[in-house]
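The values are calculated or read from the model by the stated rules, or taken from the named source; none is laboratory data. All values reported here derive from a predicted model rather than from experimental measurement. For neighbour counting, all protein chains shown are included, and Cβ atoms are generated from backbone atoms with ideal geometry for every residue, glycine included. Ligands, DNA and RNA are excluded from the accessible area calculation, which covers all protein heavy atoms including side chains. Shrake-Rupley method; radii C 1.70, N 1.55, O 1.52, S 1.80 Å.
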Amino acid sequence: MELDINFVRAQFPAFEQASLQGQAFFENAGGSYTCRPVIERLTRFYHERKVQPYAPYEASRLGGEEMDEARLRLAAILGVDTDELSFGPSTTQNTYVLAQAFRQWMQPGDAIIVTNQDHEANTGPWRRLADEGIEVREWRIDPETGHLDTEQLENLLDDKVRLVCFPHCSNVVGEINPVTEIAALAHAAGAFVCVDGVSYAPHGLPDVGTLGADIYLFSTYKIYGPHQGGMVIRRALGNMLPNQGHYFNADTLYKRFTPAGPDHAQIAACAGMADYFDALADHHGLEGTAVARGAGVHDLMRAHETKLLQPVLDFAAARNSVRLLGPKDASKRAPTVALACEKAGADLATALAPMGIMAGGGDFYAVRALEAQGVDQTKGVLRLSFVHYTSREEIDQLLTALETVL
């Protein structure tokens, strides 16, 4: 079965806008287009339900029910219990709050493991625990390939390690890391696992229940939704860590690590993400449980993206003036492609804009990963990222434009 790209694109109002005609969007790693159900739910909430939720009057009751619906349906797709999913203002903020909980829970002399493949949001807050006497060990990437070797992780693990933090895939390297294998190694050593899924989840929501992650972080605005951070914390760990919310909410798992008041409208709009995944599943004849249908949608997205990605990787690998970061095999990576070139990434993005290519250049908050691979920080990289709604025609448009600017 192939993804019906025409059906997919019909679910995104951006493709109907006159101002965007002829524009091919290749900066999806920074935030995707928003699907129609999310926009409709957000609009309805602001028009009809913009009141304090969970009160007995109708507008409030409906608003609260829609917020609960978002958590219920997305958690089901992710394969976790409803209260194991919480929403916060951003993944960066969610990670910071989690780091404070671990700071209170851990003892001086305990250790955590972080990588230099990460976006700074999933490494900076953890590294700061060194100020509290926590030992921070760095799992380092191969400087040529950007790869994280699990044998090196095994050398870092011992009975002092309490937490291993790593990305499902990097936002500049793109390689998909073996989460289940890494989690098994960490758990065998008595450590918990925090996975930054921000760069992976837009390409199909994973079954977190089978991945083995104790924490799984993602950003809804990169998964066709509003600007929120999603955070799965499995029950055993969530109840063990110190409460970071209001003291009277300590018994509610999804409130323990969200000290800020939630954005009611945006949480309610996240139910539109589930609407969209269900629409894709129904259209393509996928049946079964929510997690099974979600897995089917994931596979459709990945197959479409992999098919479109390989020509881009082949183009980059064939040019001597271009260094492709990460794997050359599309099946091993996400369609987030960072290119280190003779020209600065930002300058290349500027040159591509008049040709209808929307892309970005810079470090993308992955400074440590670029430094480790010897990328000139004054130039950064050109990043080309797409998702399942990208068409073959847009890939052709990109390759033609790259041929010109490179």
Margin query: Explain nothing, just the number: relative contact order of the range 170-308, from Cα pairs under 8 Å at least 6 residues apart, as a whole percent.
Written below: 20
Item checked: Those trypsin sites (Lys or Arg not before Pro) in the range 51-154 that DSSP places in a loop and that have at most 13 other beta carbons within 10 Å -> none
Note to self: For the range 359-391 and the range 23-66, what is the centre-to-centre distance using only Cα atoms, to the nearest Å?
What the structure shows: 31
Margin query: Leaving out ligands and nucleic acids, and using a 1.4 Å probe, what accessible area per residue does the chain come to in Å²?
Written below: 40
Note to self: Loop-only GluC sites (Glu not before Pro) in the range 318-395, please: DSSP not H, G, I, E or B, and at most 15 other Cβ atoms within 10 Å.
What the structure shows: Glu342
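Relative contact order for the range 42-274: what percent, with Cα pairs under 8 Å and sequence separation of 6 or more? Spell out each step's value before the answer.
Values: 447 pairs, mean separation 62.9, N = 233.
Relative contact order here is 27 percent.
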Note to self: I'd like the carbon and sulfur percentage of the solvent accessible area for the range 42-274, probe radius 1.4 Å, heavy atoms only, ligands and nucleic acids excluded.
What the structure shows: 49
Margin query: Could you derive backbone 3J(HN,Hα) for the range 115-130 from the dihedral phi with the Karplus parameters 6.51, -1.76 and 1.60 (θ = phi - 60°), listing whole Hz in sequence and x where the residue is Gly or Pro?
Written below: 10, 9, 9, 6, 5, 4, 4, 9, 9, x, x, 6, 5, 5, 5, 4
Notebook entry, point to check: Stokes-Einstein at 20 °C, 1.002 mPa s, Kirkwood radius from Cα pairs: D for the range 11-89 in µm² s⁻¹?
Noted result: 142
Notebook entry, point to check: Over the Cα atoms of the range 42-274, Rg to Rh with Kirkwood Rh, two decimal places?
Noted result: 0.99
Check: Once amide H atoms are placed 1.01 Å from N in the peptide plane, what residues at a sequence separation of 5 or more from Ser385, or on another chain, have their amide H within under 5 Å of its amide H?
Finding: Glu27, Asn28, Ala29, Val337
Check: Once amide H atoms are placed 1.01 Å from N in the peptide plane, what residues at a sequence separation of 5 or more from Gln11, or on another chain, have their amide H within under 5 Å of its amide H?
Finding: none
Notebook entry, point to check: Cα-based Rg (one decimal) and Dmax (whole number) for the chain, in Å?
Noted result: 21.0, 66
Notebook entry, point to check: Expressed as a rounded percentage, what relative contact order does the chain have, with Cα pairs under 8 Å and six or more residues apart?
Noted result: 24
Checklist line | Per-residue HN-Hα couplings for the range 239-252 [Karplus 6.51, -1.76, 1.60; θ = phi - 60°; Hz; x = Gly/Pro] | finding: 7, 7, 6, x, 4, 10, x, 4, 4, 7, 9, 4, 8, 10
Check: Long-range amide H contacts for Thr115: which residues qualify at under 5 Å (H placed 1.01 Å from N, peptide plane, sequence gap of 5 or more or a different chain)?
Finding: Trp139
Margin query: If you restrict to DSSP beta bridges whose two residues both lie in the chain, what percentage is antiparallel, to the nearest 5?
Written below: 50
Margin query: How far apart, in nanometres, would the label points at Ala317 and Thr210 be if each is projected 7 angstrom from Cα along the Cα-to-Cβ direction?
Written below: 2.9
